[in-house]
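To keep things clear, I will list the structure first and then write my remarks on it.
The values are calculated or read from the model by the stated rules, or taken from the named source; none is laboratory data. All figures in this text were calculated on a predicted structure; none of them were measured in a lab. Here the Cβ positions follow ideal geometry from the backbone for every residue, glycine too, while neighbour counts run over all protein chains shown. Note: accessible area is taken over every heavy atom of the protein model, side chains too, but ligands, DNA and RNA are not part of it. Shrake-Rupley method; radii C 1.70, N 1.55, O 1.52, S 1.80 Å.
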Amino acid sequence: VMVSDIQRLREDFLDLQYRKENKTLGYWEVKLDALNKIESVLQEPSDTSLQKVMDQMWQAWQDLSKDATDPSARAVVRERSIAVAETFANTYNHLLDIQGDFDNVISVKVQEINSLASQIAHLNSMISDVVPHGYAPNDLYDQRDVLIDKLSKLTDVNVSYAENGMVNIQIEGKDLVTGRTAVSMVATKNAVTGFYDIALGGATFVPTQGSLAGLVEARDKIIPDTLKQLDLLAINLTKEINNVHKTGLTLTDIRNGSAPSAIPLFVDAVTGGNADPAGANRIVVNPAILASLDNIAAAKPDASGKGSVGNNENALAIAAIKFKVIQPGTGPNDFKEATTLDNFYRYTIGQLGVNGQEAARNQKNAETLVGMVESQRQSVSGVSIDEELSNLVKYQHAYNASARAITSVDEVLDKIINGMGRVGL
């Protein structure tokens, strides 16, 4: 037996289909991961979630209305308000941390793409050195295909065949590998945003498919959208409470017989003064209220502009903000539709859940399709142990049947040669 040629059993169409589905899988895996991380930060529903903390604050104001002079009830209002401010800030900052993590992963993925491109270019060089001499470097072809498969999960890959067994690769329509040369992808920190900008061959590169596109979308859209929703809720919540609180009378105002001192409950941690907070991570309780519980305005002034010690109308008015329908506006920090604060946050959480379910469904579908195509590829080029064992059994039975046939012929010949024509026996 002489081996004249060794050929690879591989279907190019299945390779194309696998890489197409693989980039889809990479995209949805990253998107699902981003949404799951956001859900883990928000922790809705739970006893430590923002929704629970806000409900406790509204309840504290309701309890204060039962006895507006009770110092313990006033202390609960202050502590619940501090908890709301801290929960907003912690949630916001944790989301910023996740955004930074995704930005770092983008830089790592850029390095991975460069590594894969360099390895593919090196294999191209090795292949092109031996193909002209009549050799078929199938092991090098297999190594290169594995690298291309890995690259296809990161971004959109287009493979074209060149001379001497080499391949040229484009990603998102731009050259990455041309023969023996690989083009470097660079991730550079943007001085304005603080995030990595991606460039390929000196030009801006914006991925639209694969896990790299999912990472960029998570960093630049999914998490910023959630941060924006938190900001809207925080700004409108603190503004509504401050507007009512500033019209009320503190115990100090009542004792002095003065008009409302217009003290806000929440102030901006950056600008200070009496300015309303400008973001979810900039909320703090007014230092004047931290210094004295008497500065909580639970009373409303009467017709004369003064109030009594037992008046609870302002506490009731603040507690009622939970159910107040806030009208939409055209400003950047206004709600776009009429809604309550509670409903706005519930909608935000609900939409996040819907997006998570969609991502999980698409990820599962993509995973199934990749598995199906991979099974088809293996059916062409792979070796099935079960099939080989069944063939061995088949060949064994065929051998035994042939042996039995030869034995039968041998017995017949023996009878003819040795047993026939002998008289008298």
Worksheet entry | Label point distance in nm, Ala75-Asp220, each placed 7 Å from Cα along Cα→Cβ | 5.2
Response to the item:
Computed over segment 97-228, the convex hull of the Cα set has an average projected area, in nm², of 8.1
Item to complete: Please go through segment 79-183 and write out the GluC sites (Glu not before Pro) that DSSP classes as loop and that have at most 10 other C-beta atoms within 10 Å.
Response: none
Worksheet item: Lys364: which aspartates and glutamates have alpha carbons under 16 Å from its alpha carbon, excluding same-chain residues fewer than 8 sequence positions away?
Response: Glu21, Glu29, Asp33, Glu374
Response to the item:
Expected max-MSF residue from Gly279, Gly329, Gly210 in the GNM of the chain (alpha carbon, under 10 Å) is Gly329
Worksheet item: Of the heavy-atom accessible surface of segment 13-132 (probe 1.4 angstrom), what whole percent is carbon and sulfur?
Response: 50
Response to the item:
Which of [x] 27; [y] 54; [z] 49 is the computed percent of Cα pairs over 39 Å apart? It is [z]
Worksheet entry | segment 77-216, relative contact order [Cα under 8 Å, separation at least 6], % | 25
Worksheet, complete the sentence: Between Lys174 and Glu39, Cβ-based FRET efficiency (R0 45 Å, step 0.05) works out to 0.80
Practice prompt. Compute the length gained on full extension between Val270 and Ser115: take 0.36 nm times their separation in residues and subtract their Cα-Cα distance, giving the result in nm to one decimal.
Written response: 51.4 nm
Worksheet item: Gaussian network model of the chain, Cα springs within a sub-10 Å range: biggest mean-square fluctuation belongs to which of Val393, Val157, Val131?
Response: Val393
Discussion item. For a test of the definition: using alpha carbon positions, the gyration tensor, and the 1.5 limit on a/c, classify segment 184-236 as rounded, prolate or oblate.
Written reply: oblate
Practice prompt. Name the shape class, rounded, prolate or oblate, that the alpha-carbon gyration tensor gives for segment 281-337, where a ≥ b ≥ c are the square roots of its eigenvalues, rounded holds for a/c under 1.5, and otherwise prolate holds if a/b is larger than b/c and oblate otherwise.
Written response: oblate
Worksheet item: How much length, in nm to one decimal, is gained on full extension between Glu163 and Met420, taken as 0.36 nm per residue of separation minus their Cα-Cα distance?
Response: 85.2 nm
Fill in: Convex hull volume per residue for segment 53-124, taking Cα atoms only, in Å³
61
Worksheet entry | Coil-residue trypsin sites (Lys or Arg not before Pro) of segment 274-364, DSSP, other Cβ within 10 Å capped at 11 | Lys336
Discussion item. Let me make sure I get this right: for segment 181-278, a, b and c are the square roots of the gyration tensor eigenvalues over alpha carbons, sorted descending. Under 1.5 in a/c it's rounded, otherwise prolate if a/b > b/c, else oblate. Which is it?
Written reply: prolate
Worksheet item: Which percent of the accessible heavy-atom area of segment 343-422 goes to carbon and sulfur, probe 1.4 angstrom?
Response: 57
Fill in: Loop-located trypsin sites (Lys or Arg not before Pro) in segment 1-80, at most 13 other Cβ atoms within 10 Å (DSSP)
Arg8, Lys66
Discussion item. Please report Rg (one decimal) and Dmax (integer) in Å for the Cα set of segment 284-399.
Written reply: 34.2, 115
Worksheet item: Which of Ser375, Ser152, Ser304 moves most in a GNM of the chain, Cα contacts under 10 Å?
Response: Ser304
Response to the item:
Which of Lys23/Lys189; Lys66/Lys306; Lys189/Lys228; Lys66/Lys228; Lys150/Lys336; Lys20/Lys336 exceed 32 Å between C-alpha atoms? The answer is Lys66/Lys228; Lys150/Lys336; Lys20/Lys336
Practice prompt. Lys and Arg at +1, Asp and Glu at -1: add these up for the other residues within a Cβ distance under 14 Å of Val183 and post the number.
Written response: 0
